[in-house]
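The values are calculated or read from the model by the stated rules, or taken from the named source; none is laboratory data. Worth saying up front: this structure is predicted, and the values here are computed from it rather than measured. So basically every Cβ, Gly included, is an ideal-geometry build from the backbone, and we count neighbours across all protein chains shown.
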Amino acid sequence: MKSRTLTWVTSMLLFAALALPTGLAAQDKQDHNHHKQTRYSLQILGTLGGTTTDVVGINNRGEAAGSSTLSGDQVRHASLWRNGAIIDLGTLGGPDSVAPEASPQPNDMGEVAGASYTSTPDSNAAQFCSLFMFVSDPYTCRPFIWRGGVMDELSTLGGNNAIAWKVNNRGQVPGISQITTEDPTCSDSEPESEPVIWERGQIQQLPTISGDLDGFADAINDLGQAVGSTGNCDLDIPLTSLHAVLWQRDGQNWTATDLGDLGGTEWNLAFGINKRGQVVGQSGLPGNMAFHAFLWSEGMMTDLGTLPGDFVSWAETINNSGQAVGASFDASGNARAVVWEDGAITDLNTLVPPGSAWFLWEALGNNDRGQIVGPALNTINGEFRGYLLTPCDENHPGIESCDYGLVDLSAASQTSPEVLHPSGRMTPQSIMRRMNWYRFPSPAFDPRN
């Protein structure tokens, strides 16, 4: 996969902000300040000995998945947080592994899907998983399913590399796999990458929207409905991510449905689906210079907007109650973790105990209990760690250090603090970390630097 520079991204974001039609600003002025919201307790999750974790999903038992650096911060392993302890899921023989963002991940049986480097060199030098692993290694990247303490490798469509995103409670695993055919839409020599589903150990290629050669499936509900995106040139550049897609089984075959857009023909990606068939993701706005989080339900796509003053957003997951989580970004690439609930968008930083050194950059997973996980940045020492939020529900009190008083959002601050890396340079860590091949073009972000 090809990388791009942060300079390109920053200039793109700034240009997009300047190019936004004035009418879009009105979309940000939602009714989020006219209701009260439950507070959350904040827990920073442990590591495998390193200083960096990436927590990306949570199941209904409160188990979380993601990755952590080991002592020395030179390698990263897929991880499972269970009952306050962290479990190293290992690798497929290579140095690094991850559980990519997908919720609920793990499933309710504690099974985790992801990708791992092997010890076999990649003959195409694709660095297919470098932006998930945060490091570039010359090895093939293969999908896995972890269950019962064992990491099992999944098959590919014949290509060298593949990624598994999550596993539902039926054991179905969505993902992406390279094939052996060269992609004619790429500027250099690369194989096509196709959306896939693994079922009972077998891989099945999913159809793409007409005209698209590539795609990925990154979420699936327990009814077997999957979502993702299709486009061209393995979606390395988001401007080729043309269609947000819903896949459903029709007999023995799968059908692909284009979910539409918010007026733009680019930046259209679906990231999460609940058992009600509600889908969330991001979609381009008219002119293709910005995108907003969307909710798709019963054939209609709704713009979820941004926090005031921001111009791009995405929604990562949606639980079975219809609560969606994600992030909202300003023109400089600074993020705030957000929740959409009851038609309102709220900065999660306004709902946690005040005075914390931890700033919540994104929300990447939520479960049916309303617990939320994602990445947080320590504004004092620059550590990048995963967090767990648990609602202070007045109907179920008893969480230690919880404030059960509701937050009046009309009085809550919506200002993102200026977060500096210890080196002194501004680091929009969340965008840099997640500007992978289906988000923004960028170099691999190594939070150790």
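Residues are listed down the side, and each one gets a yes or a no for (1) in contact with a Leu (Cβ under 8 Å, 6 or more places away or on another chain); (2) at pLDDT below 95; (3) on the phi < 0 side of the Ramachandran plot; (4) surrounded by 18 or more Cβ atoms within 10 Å (Cβ to Cβ):
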{"position": "Ala335", "(1), (2), (3), (4)": "no, yes, yes, yes"}
{"position": "Ala357", "(1), (2), (3), (4)": "no, yes, yes, no"}
{"position": "Asn366", "(1), (2), (3), (4)": "no, no, yes, yes"}
{"position": "Arg369", "(1), (2), (3), (4)": "no, yes, yes, no"}
{"position": "Asp393", "(1), (2), (3), (4)": "no, yes, yes, no"}
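Checking each residue in region 146-161 for being surrounded by 18 or more Cβ atoms within 10 Å (Cβ to Cβ), closer than 23 Å to Pro207 by Cα and modelled with pLDDT of 95 or more picks out Leu154, Thr156, Leu157. Of all the residues that make up region 319-361, how many are of a type in the set (Phe, Trp, Tyr) and in contact with a helix residue (DSSP H, G or I) (Cβ under 7 Å, 6 or more places away or on another chain)? Residues that pass the stated criteria total 3. Checking region 103-126 against the condition returns a match, with at least one residue being aliphatic (A, V, I, L, M), outside any strand (DSSP E or B) and under 19 Å from Gln172 (Cα atoms). Could you check region 162-279 for strands (runs of 3 or more DSSP E) lying wholly inside it with 2 or more residues that are under 30 Å from Met151 (Cβ atoms)? Result: 162-164, 173-182, 191-199, 202-205, 214-220, 226-231, 243-250, 269-273.
Being assigned to a strand (DSSP E or B) and either out of contact with any Cys (no Cβ under 9 Å at 6 or more places or on another chain) or without any contact (Cβ under 8 Å) to a residue 60 or more places away in the chain (or both) holds for only one residue in Pro354, Pro397, Pro375, and it is Pro375. Annotation note: of Ser41, Ser79, Ser67, the sole residue that is of a type in the set (Ser, Thr, Tyr), in contact (Cβ under 8 Å) with a residue 24 or more places away in the chain, in contact with a strand residue (DSSP E or B) (Cβ under 6 Å, 6 or more places away or on another chain) and surrounded by fewer than 19 Cβ atoms within 10 Å (Cβ to Cβ) is Ser41.
Please tell me if Leu80 is part of a loop (DSSP other than H, G, I, E, B), under 27 Å from Phe271 (Cβ atoms), at pLDDT 95 or above and not aromatic (Phe, Trp, Tyr). Judged against the criteria, Leu80 is not a match. Of all residues in region 196-208, those that are of a type in the set (D, E, K, R) have Cβ atoms under 8 Å from Cβ atoms of residues that are outside any strand (DSSP E or B), 6 or more apart or on another chain, in Glu199/Gly171; Glu199/Gln172; Arg200/Gly171.
Only one of the listed residues (Val352, Val325, Val312) is crowded, with 19+ Cβ neighbours inside 10 Å, under 23 Å from Gln225 (Cβ atoms), in contact with a Ser or Thr (Cβ under 9 Å, 6 or more places away or on another chain) and aliphatic (A, V, I, L, M). That residue is Val325. Screening Gly94 with (1) touching a His at 6+ places or on another chain (Cβ under 8 Å); (2) part of a loop (DSSP other than H, G, I, E, B) gives one miss only, at (1). Taking the numbered list (1) touching an Asp or Glu at 6+ places or on another chain (Cβ under 9 Å); (2) more than 19 Å from Leu89 (Cβ to Cβ); (3) modelled with pLDDT of 95 or more in turn, Ile203 passes all entries but (1). Residues that are over 21 Å from Thr52 (Cα atoms) and of a type outside the set (Asp, Glu) were ranked within region 337-347; the one that is modelled with the lowest pLDDT is Gly343.
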